[in-house]
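Structure record follows, encoded as structure tokens.
The values are calculated or read from the model by the stated rules, or taken from the named source; none is laboratory data. Since the structure is predicted, the reported quantities are computational estimates derived from the model, not experimental observations. The protein model used for the area step is the full one, side chains on, heavy atoms only, and it has no ligands, DNA or RNA in it. Shrake-Rupley method; radii C 1.70, N 1.55, O 1.52, S 1.80 Å.
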Amino acid sequence: MPQTRTIITGLLLALAFALLVGGCVSGGGNKPTVTTGSVPPATEAPTTGSTAPVVLDELSTFKSKDPFKQQALPPASTSTTGTGGSSTTTTTGSGSTTTTTGGGSTTTSAPSGVNTALHSLKVLAIDVINGTPVVTFEVDDTVYEDKKEGDVVNTSWGQIEVVDINAADQVVVFLHGSETRTLGVGQEFLK
């Protein structure tokens, strides 16, 4: 049995060597094939639309936001009044507009460029009245004064409960829906 394996292995090696040498001598066997007959000519695919390069910024609708920049800024505008008839309007690259009327009236407005928040919660003050800590806070431009722990306030943003007031650290914990917010005096939560 071992002799048969040796003979078969030798024959396979000889066959592989013959194929390798035969391929090298005849040019590697990579000869192009020649076909006779009619081959249709190559045609260009039709093009549709513009072949001008597209600037990727034109297609993007994503605008990144800086998490450390205040997102709600009111538009700045000033106005002075005078008398006159003609007016001149100037628009700068930032989008601000200046209108000057002949009699000295000037109006300047600049867009804020920032989306305003829908709701806000801000702690204005934490005090102690008759040994009980109380908090004064503002929700959507409405001030709620001297609320103590456990007080529930109905606001334009929904019910907000005062859960805990730490007068020493000047921190209060609010419950709004199922979310808790811990804010210090002067801090504001925007949503």
Please calculate how many Å² of accessible area segment 110-191 carries per residue, with a 1.4 Å probe and no DNA, RNA or ligand atoms counted.
57
From largest accessible area down, sort Glu161, Glu145; use a 1.4 Å probe on the protein chains.
Glu145, Glu161
For segment 147-191, what does the alpha-carbon gyration tensor say about shape, rounded, prolate or oblate, given a ≥ b ≥ c as the root eigenvalues, a/c under 1.5 as rounded, and a/b over b/c as prolate?
oblate
